[in-house]
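Worksheet: the structure to be examined is printed underneath.
Every number in this text was worked out from the coordinates using simple rules, so none of it is lab data. From a predicted model like this one, the values you see are computed outputs, not experimental measurements. Neighbour counts are summed over all protein chains in view; Cβ atoms, including those assigned to glycine, are modelled from backbone coordinates with ideal geometry.
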Amino acid sequence: MDEMAVRRMEVPNAVLLGQVKEAIREGHTATINVKGYSMRPFLEHCRDKVRLAPFTDLKVGDAVLAEFSPDKYVLHRIIEIDGDVVVMMGDGNLRHKEICCKEDIHNLMERKRCLLRKKLSVGKRLLRH
């Protein structure tokens, strides 16, 4: 086997996101791969990465990582805030919403990175999108 080969290891969300939550609490940022389809078309399963960071304030429109039950995490967008109650929904969801408390939100999606570059060929020219 090639010594320079890259090995990919899958870690269960409960383990990985628990560690991310602790790192964020200590003031670090974390970049994770997107898993799931509920944030389509803006975040694509196994294609995009998101950078998560600490936050000081939450507002409607923020995409956040929340623990809505023990070891069950979701990265969805805030659609409503009423006191300490936060309502979230995936960008690609038409009906399903999650409701949690502000204390269950661990970090804010700071930015995303798309790993897909489309190649378009026009005649003999190759264009990158």
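Treat every Asp and Glu Cβ in region 2-56 as -1 and every Lys and Arg Cβ as +1, leave all other atoms uncharged, and give the resulting dipole magnitude about the Cα centre to the nearest 20 debye.
220 debye
What does the C-alpha gyration tensor say about the overall shape of region 21-114? Classify as rounded when a/c is under 1.5, otherwise prolate if a/b is larger than b/c, or oblate.
oblate
Evaluate the relative contact order of region 1-107 (contact order divided by residue number), counting alpha-carbon pairs under 8 angstrom at least 6 apart; express in whole percent.
Answer for region 1-107 is 23 percent.
Report the FRET efficiency, 1/(1 + (r/R0)^6), for Lys72 and Phe42, where r is their Cβ-Cβ distance and R0 is 25 Å, rounded to 0.05.
That gives a FRET efficiency of 0.70.
Between Ala23 and Arg95, what is the FRET efficiency for a Förster distance of 35 Å, r being their Cβ-Cβ separation, to the nearest 0.05?
0.60
State the Cα centre-to-centre distance between region 1-68 and region 76-107 in whole Å.
Measuring centre to centre over Cα atoms gives 17 Å.
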